[in-house]
Amino acid sequence: TFGSLNMDAADTTSLTINAAAYGGLGTGNIDQVDALESFTVTAAAGAEATIGTMIEAEALTSISLTAAGAAAGVDVGAIGGTENALLTSLTISASGGGDVDFAAITSTAGQDLTTISITSDGTGSTVVGEGAISADGATAGTVTVAATDRGSIELDDAAAIDFFIDDLTITASGASSSVTWTDVAIDDLTGTNESITISATGDNASVDINE
């Protein structure tokens, strides 16, 4: 467990935090990330990775958060806010009974993303969003939010995905899978939204979108 974690602001371009099975890593807040382009956090069965904030993320293009295995946990504080990221891809995945909990992720105004993928697969797997994923005036090409095989995704009223969106898919498939999403914010489009797909298939599968 670190009180905080400071990178080399000039030379560190990639940071991987990996909590192997039944281990644990806590970083505190992460700073001096001026050159950081790639950020990956993983946790295996019985492990917990607890990450503080990264409020200066001006070079960050890729984020991947993965909890895979029973009682695996990834908990990440706010990314961006003071210096926002330059995101092109965001992947958040829980499987096999893992849990991912994330706060706000803020990218630079007008910076387009190729993909946003939020998935939860398997009994006891959960993704919980407690902050918005946003970039003013930016387009997200493909946004996928999918719960499968009793997985669940819960995005509360602070966890809007706020972009122009080309292709949006929200699905729950397999028995008792669920997606609960309070606020989906698709900006007024200067172009054309190409597709929106919302589906629930399987016994007790559910998609609940408030607005």
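Annotations
- With the charge dipole of the stretch 35-171 set up from +1 on Lys and Arg Cβ and -1 on Asp and Glu Cβ about the Cα centre, the Cα lying farthest toward the positive end among the listed residues 140, 160, 44 is that of 44.
- Two numbers describe the Cα atoms of the chain: Rg and Dmax, which are 16.6, 53 Å.
- Other residues lying with their Cβ under 12 Å from the Cβ of residue 147 contribute a combined charge of -3, Lys and Arg counting +1, Asp and Glu -1.
- The DSSP beta bridges internal to the stretch 1-80 are antiparallel in roughly 0% of cases.
- For the chain, built as a Gaussian network whose Cα springs stay under 10 Å, the top-fluctuating residue of 199, 173, 120: 199
- Accessible area of the chain divided out per residue, in Å², using a probe of 1.4 angstrom: 41 Å²
- Heavy-atom SASA rank of 164, 2, 102 (probe 1.4 Å, accessible area, largest first): 2, 164, 102
- Choice from 11, 149, 112 with maximal GNM fluctuation in the chain (Cα, 10 Å cutoff): 11
- Size of charge dipole - the stretch 107-194 - debye, nearest 20, with Cβ of Lys, Arg +1 and Asp, Glu -1, no other charges: 340 debye
- In this view, the solvent-accessible surface of residue 123, computed with a 1.4 Å probe and all protein chains in place, comes to about 100 Å².
The values are calculated or read from the model by the stated rules, or taken from the named source; none is laboratory data. Given the structure is predicted, the values throughout are model-derived calculations rather than measurements. Every residue, glycine among them, receives a Cβ derived from its backbone with ideal geometry; neighbour counts consider all protein chains shown. Areas reflect the complete protein model, heavy atoms only, side chains present, ligands, DNA and RNA absent. Shrake-Rupley method; radii C 1.70, N 1.55, O 1.52, S 1.80 Å.
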